[in-house]
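Undergrad: One structure is given below, represented as C-alpha coordinates, and several questions about it will come after.
The values are calculated or read from the model by the stated rules, or taken from the named source; none is laboratory data. All of these numbers come straight from a predicted model, not from anything done at the bench. Glycine gets a Cβ as well: all are built from the backbone with ideal geometry, and neighbour counts include every protein chain shown.
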Amino acid sequence: MLKLYKKIFKILCLLVSVFFLHSCTSQESIIVFKLSEQGLYERIDTIFIGVPLNMVMYEDDLFIGDFHEPMIIKYHLADRKTDRFLLKGRGPGETLPPVILCINSCEENKLFRYSKQLFDMGYYSLDMLPAFVPLFKLSYEYGEIIPFEKEQYLAEGMFKDGYRYRVLNTKGEIIHRFGDYPNFFDGENLIPIDARSMYHQASFANNHYQQKLVSVSTHVLDIIDYSSGIMNGSINRIKLASYDYEYTSGNFLSAKKKNGIIKGASEVACDDQFIYILFNPGIVGEENKGINREIWIFDWSGKPIKRVTFDVNLDLVAKSTTINESPLYGLVSTNDGDEYVIVKITGL
(Lines give C-alpha, C1' and ligand atoms only; values in the text may rest on other atoms or scores of the structure.)
Protein backbone atom coordinates (compact mmCIF):
# COMPACT_ATOMS: atom_id res chain seq x y z
CA MET A 1 0.00 0.00 0.00
CA LEU A 2 2.88 2.37 0.85
CA LYS A 3 4.44 1.75 -2.56
CA LEU A 4 1.09 2.59 -4.19
CA TYR A 5 0.85 5.88 -2.28
CA LYS A 6 4.42 6.77 -3.29
CA LYS A 7 3.60 6.01 -6.92
CA ILE A 8 0.46 8.18 -6.80
CA PHE A 9 2.45 10.96 -5.10
CA LYS A 10 5.10 10.86 -7.86
CA ILE A 11 2.40 11.05 -10.55
CA LEU A 12 0.77 14.04 -8.83
CA CYS A 13 4.13 15.79 -8.54
CA LEU A 14 4.78 15.18 -12.22
CA LEU A 15 1.38 16.58 -13.16
CA VAL A 16 1.93 19.66 -10.98
CA SER A 17 5.38 20.26 -12.50
CA VAL A 18 3.97 19.93 -16.03
CA PHE A 19 1.22 22.39 -15.13
CA PHE A 20 3.67 24.98 -13.83
CA LEU A 21 6.02 24.45 -16.77
CA HIS A 22 3.15 25.07 -19.18
CA SER A 23 2.04 28.14 -17.22
CA CYS A 24 5.53 29.63 -17.24
CA THR A 25 6.22 29.00 -20.92
CA SER A 26 2.83 30.38 -22.02
CA GLN A 27 3.31 33.72 -20.23
CA GLU A 28 5.39 36.03 -22.44
CA SER A 29 7.55 38.70 -20.80
CA ILE A 30 7.60 42.35 -21.88
CA ILE A 31 10.43 43.24 -24.29
CA VAL A 32 13.60 44.49 -22.62
CA PHE A 33 16.37 46.11 -24.71
CA LYS A 34 19.92 46.10 -23.41
CA LEU A 35 20.74 49.01 -25.71
CA SER A 36 18.80 52.27 -25.96
CA GLU A 37 20.04 55.31 -27.86
CA GLN A 38 19.02 58.58 -29.45
CA GLY A 39 18.46 58.25 -33.20
CA LEU A 40 20.38 60.31 -35.74
CA TYR A 41 18.91 61.43 -39.04
CA GLU A 42 19.41 63.74 -42.01
CA ARG A 43 16.62 65.75 -43.61
CA ILE A 44 16.43 64.90 -47.31
CA ASP A 45 13.48 66.86 -48.70
CA THR A 46 9.97 68.16 -48.02
CA ILE A 47 7.07 66.83 -50.09
CA PHE A 48 3.31 67.25 -50.11
CA ILE A 49 1.21 64.18 -49.19
CA GLY A 50 -2.46 63.99 -48.25
CA VAL A 51 -2.68 61.01 -45.90
CA PRO A 52 0.34 58.68 -46.22
CA LEU A 53 -0.58 55.03 -45.66
CA ASN A 54 2.59 53.05 -46.19
CA MET A 55 6.02 53.39 -47.76
CA VAL A 56 8.29 50.89 -49.51
CA MET A 57 11.67 51.21 -51.17
CA TYR A 58 13.14 49.76 -54.35
CA GLU A 59 16.78 50.61 -55.08
CA ASP A 60 16.93 54.45 -54.97
CA ASP A 61 13.17 55.02 -55.14
CA LEU A 62 10.67 55.52 -52.33
CA PHE A 63 7.05 54.66 -53.11
CA ILE A 64 4.39 56.13 -50.82
CA GLY A 65 0.74 55.10 -50.79
CA ASP A 66 -1.51 58.14 -50.28
CA PHE A 67 -5.21 58.14 -49.40
CA HIS A 68 -5.67 61.22 -51.58
CA GLU A 69 -5.19 61.18 -55.34
CA PRO A 70 -2.86 60.66 -57.07
CA MET A 71 -2.55 57.73 -54.71
CA ILE A 72 1.03 56.65 -55.43
CA ILE A 73 4.02 58.95 -55.03
CA LYS A 74 7.40 57.92 -56.42
CA TYR A 75 10.32 59.83 -54.97
CA HIS A 76 13.73 59.31 -56.59
CA LEU A 77 16.38 59.93 -53.93
CA ALA A 78 19.28 60.53 -56.34
CA ASP A 79 17.82 63.61 -58.03
CA ARG A 80 14.94 64.42 -55.62
CA LYS A 81 12.42 64.02 -58.40
CA THR A 82 8.78 63.27 -57.60
CA ASP A 83 6.29 61.47 -59.85
CA ARG A 84 2.63 60.87 -58.98
CA PHE A 85 0.19 58.37 -60.50
CA LEU A 86 -2.91 56.24 -59.84
CA LEU A 87 -6.16 58.22 -59.93
CA LYS A 88 -9.35 57.48 -58.03
CA GLY A 89 -12.06 55.57 -59.91
CA ARG A 90 -13.10 52.18 -61.27
CA GLY A 91 -11.79 52.45 -64.81
CA PRO A 92 -8.52 51.31 -66.44
CA GLY A 93 -5.54 52.69 -64.56
CA GLU A 94 -7.76 53.78 -61.66
CA THR A 95 -8.73 52.29 -58.31
CA LEU A 96 -10.25 53.19 -54.95
CA PRO A 97 -8.31 53.97 -51.78
CA PRO A 98 -6.79 52.86 -49.53
CA VAL A 99 -3.96 51.23 -51.47
CA ILE A 100 -1.18 49.13 -49.96
CA LEU A 101 2.21 48.91 -51.70
CA CYS A 102 4.78 46.12 -51.39
CA ILE A 103 8.02 44.94 -52.99
CA ASN A 104 9.00 41.32 -53.61
CA SER A 105 12.77 41.05 -53.22
CA CYS A 106 12.91 37.89 -55.38
CA GLU A 107 11.02 39.54 -58.27
CA GLU A 108 12.99 42.49 -59.56
CA ASN A 109 11.50 45.66 -60.97
CA LYS A 110 7.94 45.17 -59.72
CA LEU A 111 5.84 47.34 -57.43
CA PHE A 112 2.82 45.41 -56.14
CA ARG A 113 -0.40 47.27 -55.35
CA TYR A 114 -3.46 46.07 -53.43
CA SER A 115 -6.70 48.08 -53.13
CA LYS A 116 -8.41 47.44 -49.80
CA GLN A 117 -11.72 48.73 -51.16
CA LEU A 118 -11.84 46.86 -54.48
CA PHE A 119 -9.81 43.88 -53.16
CA ASP A 120 -7.75 43.64 -56.35
CA MET A 121 -4.07 42.72 -56.49
CA GLY A 122 -1.63 43.51 -59.26
CA TYR A 123 1.70 45.12 -60.03
CA TYR A 124 3.47 47.87 -61.94
CA SER A 125 6.54 47.14 -64.01
CA LEU A 126 8.84 49.93 -62.87
CA ASP A 127 10.17 50.30 -66.42
CA MET A 128 6.67 51.04 -67.71
CA LEU A 129 5.04 53.22 -65.05
CA PRO A 130 2.14 53.76 -64.69
CA ALA A 131 1.02 50.66 -66.66
CA PHE A 132 -0.77 48.28 -64.25
CA VAL A 133 -0.91 44.48 -64.61
CA PRO A 134 -3.93 42.98 -62.76
CA LEU A 135 -3.47 39.61 -61.07
CA PHE A 136 -6.54 38.61 -59.07
CA LYS A 137 -9.44 39.82 -56.92
CA LEU A 138 -10.16 38.70 -53.36
CA SER A 139 -13.20 38.67 -51.09
CA TYR A 140 -13.98 41.24 -48.40
CA GLU A 141 -12.39 39.16 -45.60
CA TYR A 142 -8.86 39.95 -46.78
CA GLY A 143 -6.80 42.73 -45.20
CA GLU A 144 -3.07 42.73 -45.89
CA ILE A 145 -1.20 40.80 -48.59
CA ILE A 146 2.44 40.48 -49.66
CA PRO A 147 4.27 38.47 -52.34
CA PHE A 148 7.11 36.41 -50.88
CA GLU A 149 7.97 33.91 -53.63
CA LYS A 150 7.59 34.18 -57.39
CA GLU A 151 4.23 32.44 -57.34
CA GLN A 152 3.09 32.74 -53.73
CA TYR A 153 1.44 35.44 -51.62
CA LEU A 154 0.83 35.67 -47.89
CA ALA A 155 -2.45 37.22 -46.78
CA GLU A 156 -4.20 37.92 -43.51
CA GLY A 157 -7.70 39.09 -42.76
CA MET A 158 -10.85 38.40 -40.77
CA PHE A 159 -11.21 34.68 -41.42
CA LYS A 160 -13.88 32.83 -39.48
CA ASP A 161 -12.27 29.39 -39.76
CA GLY A 162 -9.70 30.31 -37.09
CA TYR A 163 -6.61 30.33 -39.32
CA ARG A 164 -4.86 33.68 -39.29
CA TYR A 165 -2.91 33.36 -42.56
CA ARG A 166 -3.61 32.27 -46.13
CA VAL A 167 -1.07 31.36 -48.81
CA LEU A 168 -2.33 32.19 -52.30
CA ASN A 169 -1.14 31.33 -55.80
CA THR A 170 -0.97 33.68 -58.80
CA LYS A 171 -4.72 33.22 -59.37
CA GLY A 172 -5.58 34.21 -55.81
CA GLU A 173 -6.53 30.63 -54.92
CA ILE A 174 -5.88 29.37 -51.39
CA ILE A 175 -3.16 26.72 -51.33
CA HIS A 176 -2.49 26.68 -47.59
CA ARG A 177 -3.96 27.90 -44.28
CA PHE A 178 -1.95 28.18 -41.09
CA GLY A 179 -1.45 30.03 -37.82
CA ASP A 180 -3.88 30.92 -35.07
CA TYR A 181 -4.74 34.34 -33.64
CA PRO A 182 -2.78 35.65 -30.63
CA ASN A 183 -3.92 34.62 -27.18
CA PHE A 184 -1.88 36.57 -24.63
CA PHE A 185 -4.30 37.46 -21.84
CA ASP A 186 -6.83 35.52 -19.81
CA GLY A 187 -10.00 35.05 -21.80
CA GLU A 188 -8.70 36.23 -25.18
CA ASN A 189 -9.26 32.75 -26.61
CA LEU A 190 -12.97 33.16 -25.72
CA ILE A 191 -13.32 36.39 -27.74
CA PRO A 192 -15.08 35.75 -31.09
CA ILE A 193 -12.73 35.21 -34.02
CA ASP A 194 -14.00 38.21 -35.99
CA ALA A 195 -13.13 40.59 -33.13
CA ARG A 196 -9.74 38.97 -32.48
CA SER A 197 -8.82 39.11 -36.15
CA MET A 198 -9.89 42.75 -36.41
CA TYR A 199 -7.76 43.75 -33.43
CA HIS A 200 -4.67 41.89 -34.68
CA GLN A 201 -4.60 43.30 -38.21
CA ALA A 202 -1.00 43.12 -39.39
CA SER A 203 1.63 44.82 -41.51
CA PHE A 204 4.03 42.59 -43.48
CA ALA A 205 7.68 42.59 -44.52
CA ASN A 206 9.61 39.86 -46.34
CA ASN A 207 13.28 38.95 -46.58
CA HIS A 208 13.95 36.41 -49.31
CA TYR A 209 17.57 35.94 -48.23
CA GLN A 210 16.50 34.86 -44.74
CA GLN A 211 13.47 32.98 -46.14
CA LYS A 212 11.40 34.62 -43.42
CA LEU A 213 8.32 36.83 -43.30
CA VAL A 214 7.45 39.39 -40.64
CA SER A 215 3.88 40.02 -39.50
CA VAL A 216 3.40 42.83 -36.97
CA SER A 217 0.17 43.87 -35.31
CA THR A 218 0.05 46.53 -32.61
CA HIS A 219 1.28 44.28 -29.80
CA VAL A 220 2.43 41.03 -31.43
CA LEU A 221 5.35 40.12 -33.70
CA ASP A 222 5.21 36.93 -35.79
CA ILE A 223 8.40 35.77 -37.54
CA ILE A 224 7.36 33.17 -40.10
CA ASP A 225 10.12 30.83 -41.29
CA TYR A 226 9.44 29.36 -44.76
CA SER A 227 12.97 28.07 -45.43
CA SER A 228 11.58 24.50 -45.60
CA GLY A 229 8.61 25.62 -47.70
CA ILE A 230 5.60 27.51 -46.46
CA MET A 231 3.67 24.23 -45.98
CA ASN A 232 6.23 23.30 -43.30
CA GLY A 233 6.68 26.82 -42.00
CA SER A 234 6.93 27.74 -38.34
CA ILE A 235 5.95 30.85 -36.38
CA ASN A 236 8.07 32.50 -33.69
CA ARG A 237 5.50 34.65 -31.86
CA ILE A 238 6.62 37.48 -29.56
CA LYS A 239 4.46 39.71 -27.39
CA LEU A 240 5.73 43.29 -27.74
CA ALA A 241 3.65 44.73 -24.90
CA SER A 242 0.66 43.89 -22.74
CA TYR A 243 -2.73 44.69 -24.23
CA ASP A 244 -6.48 44.38 -23.76
CA TYR A 245 -9.37 45.54 -25.88
CA GLU A 246 -13.08 46.22 -25.96
CA TYR A 247 -15.05 44.72 -28.82
CA THR A 248 -18.39 44.06 -30.42
CA SER A 249 -18.96 41.11 -32.70
CA GLY A 250 -21.33 40.19 -35.51
CA ASN A 251 -23.02 42.88 -37.61
CA PHE A 252 -21.52 45.73 -35.57
CA LEU A 253 -17.92 44.63 -35.53
CA SER A 254 -15.35 46.67 -33.65
CA ALA A 255 -12.18 46.16 -31.62
CA LYS A 256 -10.68 49.02 -29.64
CA LYS A 257 -7.71 49.25 -27.26
CA LYS A 258 -8.70 49.90 -23.67
CA ASN A 259 -7.48 53.04 -21.91
CA GLY A 260 -4.15 52.58 -20.19
CA ILE A 261 -2.78 50.27 -22.91
CA ILE A 262 0.41 51.08 -24.82
CA LYS A 263 -0.48 52.12 -28.39
CA GLY A 264 2.09 49.76 -29.91
CA ALA A 265 3.54 49.01 -33.35
CA SER A 266 2.36 50.60 -36.58
CA GLU A 267 4.89 49.81 -39.32
CA VAL A 268 7.68 47.33 -40.08
CA ALA A 269 10.70 47.16 -42.39
CA CYS A 270 13.57 44.69 -42.64
CA ASP A 271 16.90 43.79 -44.22
CA ASP A 272 19.11 40.69 -44.21
CA GLN A 273 20.19 41.27 -40.60
CA PHE A 274 17.41 42.97 -38.70
CA ILE A 275 13.71 43.72 -38.30
CA TYR A 276 12.79 47.39 -37.70
CA ILE A 277 9.47 48.06 -35.97
CA LEU A 278 8.01 51.55 -35.66
CA PHE A 279 6.58 51.53 -32.13
CA ASN A 280 4.42 54.09 -30.34
CA PRO A 281 5.07 54.00 -26.57
CA GLY A 282 2.21 56.39 -25.84
CA ILE A 283 -0.70 55.35 -23.64
CA VAL A 284 -4.31 55.11 -24.90
CA GLY A 285 -6.52 57.69 -23.18
CA GLU A 286 -3.66 59.98 -22.16
CA GLU A 287 -2.47 63.19 -23.80
CA ASN A 288 1.01 61.82 -24.70
CA LYS A 289 2.51 65.22 -25.54
CA GLY A 290 6.19 64.97 -26.39
CA ILE A 291 6.11 61.17 -26.80
CA ASN A 292 7.45 60.19 -30.23
CA ARG A 293 7.47 56.87 -32.00
CA GLU A 294 10.56 54.72 -31.57
CA ILE A 295 12.30 52.11 -33.70
CA TRP A 296 12.60 48.70 -32.07
CA ILE A 297 15.23 46.49 -33.68
CA PHE A 298 15.18 42.67 -33.54
CA ASP A 299 17.34 40.05 -35.18
CA TRP A 300 15.77 37.25 -37.21
CA SER A 301 15.69 34.91 -34.21
CA GLY A 302 13.41 37.40 -32.45
CA LYS A 303 16.10 38.64 -30.06
CA PRO A 304 15.66 42.34 -29.11
CA ILE A 305 18.76 44.26 -30.22
CA LYS A 306 18.21 47.96 -29.73
CA ARG A 307 15.60 50.63 -28.98
CA VAL A 308 16.10 53.93 -30.81
CA THR A 309 14.29 57.12 -29.77
CA PHE A 310 13.89 60.31 -31.82
CA ASP A 311 13.23 64.00 -31.30
CA VAL A 312 10.83 63.89 -34.26
CA ASN A 313 7.73 61.78 -34.72
CA LEU A 314 8.15 59.23 -37.52
CA ASP A 315 5.00 58.29 -39.45
CA LEU A 316 6.43 55.64 -41.79
CA VAL A 317 9.69 53.77 -42.36
CA ALA A 318 11.13 51.90 -45.35
CA LYS A 319 14.33 50.07 -46.25
CA SER A 320 15.59 48.65 -49.51
CA THR A 321 15.88 44.86 -49.73
CA THR A 322 17.72 45.10 -53.06
CA ILE A 323 20.68 47.23 -51.93
CA ASN A 324 23.11 45.92 -49.30
CA GLU A 325 23.51 48.19 -46.28
CA SER A 326 20.82 50.55 -47.51
CA PRO A 327 19.89 53.26 -44.99
CA LEU A 328 16.51 53.24 -43.29
CA TYR A 329 14.31 56.11 -44.45
CA GLY A 330 11.47 57.73 -42.55
CA LEU A 331 8.60 60.10 -43.16
CA VAL A 332 7.93 62.86 -40.62
CA SER A 333 4.84 65.06 -40.54
CA THR A 334 5.23 68.80 -40.00
CA ASN A 335 2.90 71.41 -38.57
CA ASP A 336 2.09 72.72 -42.05
CA GLY A 337 -0.84 70.57 -43.10
CA ASP A 338 0.13 68.24 -45.93
CA GLU A 339 3.90 68.80 -45.70
CA TYR A 340 6.06 65.82 -44.81
CA VAL A 341 9.84 65.56 -44.46
CA ILE A 342 11.77 62.59 -45.84
CA VAL A 343 14.63 61.71 -43.48
CA LYS A 344 17.56 59.30 -43.77
CA ILE A 345 18.12 57.56 -40.44
CA THR A 346 21.80 57.03 -39.73
CA GLY A 347 23.84 55.18 -37.16
CA LEU A 348 21.55 52.19 -36.66
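Undergrad: Only one of LEU96, LEU111, LEU87 is out of contact with any helix residue (DSSP H, G or I) (no Cβ under 7 Å at 6 or more places or on another chain) and in contact (Cβ under 8 Å) with a residue 24 or more places away in the chain; which?
TA: Only one candidate passes the filter, namely LEU111.
Undergrad: Say we look at the range 326-342 and pick out the residues that are assigned to a strand (DSSP E or B) and more than 21 Å from the chain's Cα centre (by Cα); which of these is surrounded by the most Cβ atoms within 10 Å (Cβ to Cβ)?
TA: TYR340
Undergrad: Something else: Could you tell me how many of the residues in the range 193-210 are in a loop (DSSP other than H, G, I, E, B) and modelled with pLDDT of 95 or more? Lay out the reasoning, then the answer.
TA: Taking the range 193-210 and keeping what is in a loop (DSSP other than H, G, I, E, B), we get 200-202, 208-210.
Those left that are additionally modelled with pLDDT of 95 or more: 200-202.
Selection size over the range 193-210: 3.
Undergrad: A further question on this structure: Might you let me know whether the range 65-75 holds any residue that is at positive phi, in contact with a Lys or Arg (Cβ under 8 Å, 6 or more places away or on another chain), buried (at least 21 other Cβ atoms within 10 Å of the Cβ) and part of a loop (DSSP other than H, G, I, E, B)? Let's see the steps before the verdict.
TA: Within the range 65-75, the subset at positive phi is none.
No - not one qualifying residue is present in the range 65-75.
Undergrad: Here is a follow-up. Would you check if there is a residue in the range 288-306 being more than 19 Å from the chain's Cα centre (by Cα), at positive phi and of a type outside the set (Gly, Ala, Ser)?
TA: yes
Undergrad: So, in the range 128-145, of the ones that are within 24 Å of the chain's Cα centre (by Cα) and not in a strand (DSSP E or B), which residue ends up nearest to LEU86 (Cα to Cα)?
TA: The initial filter retains those residues of the range 128-145 that are within 24 Å of the chain's Cα centre (by Cα), namely 134-145.
Among the residues that remain, those that are also not in a strand (DSSP E or B) are: 138-141.
Values: LEU138: 20, SER139: 22, TYR140: 22, GLU141: 24 Å.
Among them, the one singled out is LEU138.
Undergrad: Quick one: which of ASN280, ASN292, ASN313 is without any contact (Cβ under 8 Å) to a residue 24 or more places away in the chain and within 20 Å of LEU62 (Cα to Cα)?
TA: ASN313
Undergrad: A further question on this structure: Give the range 240-255 a look and list any residue that's in contact with a helix residue (DSSP H, G or I) (Cβ under 8 Å, 6 or more places away or on another chain) and either charged (D, E, K, R) or part of a strand (DSSP E or B) (or both), or say none.
TA: Once the filter is applied, which keeps residues that are in contact with a helix residue (DSSP H, G or I) (Cβ under 8 Å, 6 or more places away or on another chain) and either charged (D, E, K, R) or part of a strand (DSSP E or B) (or both), the range 240-255 yields TYR245, TYR247, THR248, SER254, ALA255.
Undergrad: Go through the range 120-166 and give me each residue that's basic (Lys, Arg) and within 19 Å of THR95 (Cβ to Cβ).
TA: Selection gives LYS137 alone.
Undergrad: Would you say TYR181 is of a type outside the set (Gly, Ala, Ser) and either within 15 Å of LEU213 (Cβ to Cβ) or in contact with a strand residue (DSSP E or B) (Cβ under 6 Å, 6 or more places away or on another chain) (or both)?
TA: Against the criterion (of a type outside the set (Gly, Ala, Ser) and either within 15 Å of LEU213 (Cβ to Cβ) or in contact with a strand residue (DSSP E or B) (Cβ under 6 Å, 6 or more places away or on another chain) (or both)), TYR181 does not qualify.
Undergrad: Name the pairs: first residue in the range 42-54 and more than 29 Å from ALA202 (Cβ to Cβ), second residue assigned to a strand (DSSP E or B) and of a type outside the set (Ser, Thr, Tyr), Cβ to Cβ under 6 Å, at least 6 apart or on different chains?
TA: Between residues of the range 42-54 that are more than 29 Å from ALA202 (Cβ to Cβ) and residues that are assigned to a strand (DSSP E or B) and of a type outside the set (Ser, Thr, Tyr), the close pairs are GLU42/LYS344; ARG43/VAL341; ARG43/VAL343; ASP45/ILE342; THR46/GLU339; THR46/VAL341.
Undergrad: Also, quick follow-up: For the range 260-271, indicate whether the set of residues that are closer than 21 Å to VAL216 by Cα, of a type in the set (S, T, N, Q) and assigned to a loop (DSSP other than H, G, I, E, B) is non-empty.
TA: Looking for residues that are closer than 21 Å to VAL216 by Cα, of a type in the set (S, T, N, Q) and assigned to a loop (DSSP other than H, G, I, E, B), one finds none in the range 260-271, hence no.
Undergrad: How many residues does the range 180-195 contain that are more than 20 Å from the chain's Cα centre (by Cα), in contact (Cβ under 8 Å) with a residue 12 or more places away in the chain and within 16 Å of LYS160 (Cα to Cα)? Give the derivation first.
TA: In the first step, residues of the range 180-195 are kept if they are more than 20 Å from the chain's Cα centre (by Cα); the result is 185-192.
Subsequent filtering for residues that are in contact (Cβ under 8 Å) with a residue 12 or more places away in the chain retains 185, 191-192.
Subset that is within 16 Å of LYS160 (Cα to Cα): 191-192.
Of the residues in that region, 2 qualify.
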